[in-house]
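The values are calculated or read from the model by the stated rules, or taken from the named source; none is laboratory data. Owing to the predicted nature of the structure, the values given are computational and were not obtained by experimental measurement. Every residue, glycine as well, gets a Cβ built from its backbone with ideal geometry; the counts of neighbours run over all protein chains shown. Heavy atoms of the whole protein, side chains included, go into the accessibility calculation; ligands, DNA and RNA do not. Shrake-Rupley method; radii C 1.70, N 1.55, O 1.52, S 1.80 Å.
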Amino acid sequence: MAKADLHLHTDFSDGLHSPRQVVQAASKAGLQIIAVTDHDTLEGARRAKEYAFRRPDLNVQVVVGEEVSTLNGHVIGIFLKEFVPPRLTANRTVDLIHQQGGIAILAHPFHIYTGKDSEHPKAVEMLADIPFDGIETINHGDALSFWSNRKALRIMERHKLAAVGCSDAHNARFIGMGHTEFDGDTSEDLRAALLSRRTKAVYHRSWKMTDILVHLKDAAPVLNRYSKKAALI
């Protein structure tokens with residue numbers, strides 16, 4: 001089965017590493033496909049895709065994605081052709097993703113920070129009314145994510161969504177720690193597997209103490225840099 005990490009970041013949003021470094025790290029991690037999903041921008045994903053195209057020796061396909069900041073929380077769109085604007089409802093965001101042939105995934109629905117506006121409900125609370133294709137049942141974004149992933153797994157089974165495993169890596173060190181397995185080896189095989197709900201969310205490995213220390217060291221300056229950048233938009 002092929003391996004894909006469908007939620008990771010570059011320095012075009014709040015990631016630490018460049019699109020080039022992300023592709024190189026994905027290759028070292030043994031991933032066949034990655035979706036670069038920077039917050040509210042496609043630029044990092046497009047550059048990663050261009051670099052991967054120039055480096056076929058790395059054997060990594062890049063899918064253009066975006067982690068969209070909706071009023072109801074973060075929504076991941078992959079297989080995107082056009083930018084999806086932030087600050088819309090999750091329902092409208094999913095509609096815009098589908099209009100361009102993309103796949104809509106609900107990101108980390110039970111994590112402490114889901115990215116929702118304080119005056120609006122969480123997307124997971126309206127799941128029956130929003131046509132998501134998949135849900136992150138493994139998000140490896142922090143060491144305490146295991147409890148929220150368990151809740152997401154129950155929701156996935158109830159609503160018959162595709163299981164999606166992701167690293168949510170902001171540091172190239174963590175790429176592939178959570179990933180999605182599927183039959184095939186191309187991005188179109190991945191699309192078909194997601195739409196037919198034939199994917200498997202997998203933990204590559206659990207957090208080690210050294211990982212936690214690196215993660216904590218990374219968090220403060222990255223969040224500070226991203227908040228300043230967001231204030232300028």
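Output needed for region 12-101: three equivalent-ellipsoid semi-axes, defined as square roots of 5 times the C-alpha gyration tensor eigenvalues, in descending order, whole Å.
Equivalent-ellipsoid dimensions as semi-axes: 25, 13, 10 Å.
Excluding same-chain residues fewer than 8 positions from LYS3, which aspartates and glutamates have a Cα within less than 12 Å of its Cα?
Counting by Cα, and skipping residues close in sequence, LYS3 has these aspartates and glutamates nearby: GLU181, ASP183, ASP185, ASP189.
Can you give the log10 of the normalised intensity I(q)/I(0) at q = 0.14 Å⁻¹, computed with Debye over equal Cα scatterers of region 25-156?
-0.63
Got a number for carbon plus sulfur as a percent of the chain's accessible area, 1.4 Å probe?
55 percent
May I ask you to compute the full-extension gain from GLU188 to LYS28, defined as 0.36 nm times their residue separation minus their alpha-carbon distance, rounded to one decimal in nm?
55.4 nm is the gain from fully extending GLU188 to LYS28.
Based on the Cβ-Cβ distance from GLN99 to LYS208, what FRET efficiency comes out when R0 is 41 Å, to the nearest 0.05?
0.45
What is the Cα coordinate range of region 19-68 on the first, second and third principal axes, sorted by size from largest, in whole angstrom?
The Cα atoms of region 19-68 stretch 30, 19, 15 Å along the principal axes, largest first.
On average, how much area does the Cα convex hull of the chain cover when viewed from any direction, in nm²?
Averaging across all directions leaves 11.3 nm² for the Cα convex hull.
Suppose accessible area is computed on protein heavy atoms with a 1.4 Å probe; arrange PHE12, PHE110 from highest to lowest.
Greatest to least solvent exposure: PHE12, PHE110.
Relative contact order of region 33-184, please, whole-number percent, based on alpha carbon pairs below 8 angstrom and at least 6 residues apart.
16 percent
Please compute the per residue accessible area over region 1-126 with all protein chains in place, 1.4 Å probe, rounded to a whole number of Å².
The answer is 41 Å² per residue.
What is the distance in Å between the Cα centroid of region 76-152 and that of region 187-206?
So the two Cα centres are separated by 16 Å.
Mean-square fluctuation check for the chain, GNM, Cα pairs under 10 Å: which of ASP218, ASP57, ASP183 is largest?
ASP57
Calculate one ³J(HN,Hα) per residue across region 151-161 by plugging θ = phi - 60° into the Karplus curve 6.51 cos²θ - 1.76 cosθ + 1.60, and present them in order as whole Hz with x for glycine and proline.
Per-residue couplings from phi come out as 5, 5, 4, 5, 5, 4, 5, 5, 9, 6, 9 Hz.
How large is log10 of I(q)/I(0) for region 40-86 at q = 0.22 Å⁻¹ when the intensity is taken from the Debye formula with one equal scatterer per alpha-carbon?
-0.72
With a 1.4 Å probe and all protein chains kept in place, how much accessible area does HIS17 have, in Å² rounded to the nearest 10?
50 Å²
Where does region 150-196 land on Rg/Rh, using Cα atoms and the Kirkwood Rh?
When Rh is taken as the Kirkwood radius, the ratio is 1.03.
Specify the residue with the greatest mean-square fluctuation among ARG150, ARG55, ARG158, computed from a Gaussian network of the chain linking alpha-carbon atoms under 10 Å apart.
Looking only at ARG150, ARG55, ARG158, the biggest GNM fluctuation is shown by ARG158.
Quick one: among SER69, SER18, SER118, which has the greatest mean-square fluctuation in a GNM of the chain with alpha-carbon springs under 10 angstrom?
Looking only at SER69, SER18, SER118, the largest GNM fluctuation is found for SER118.
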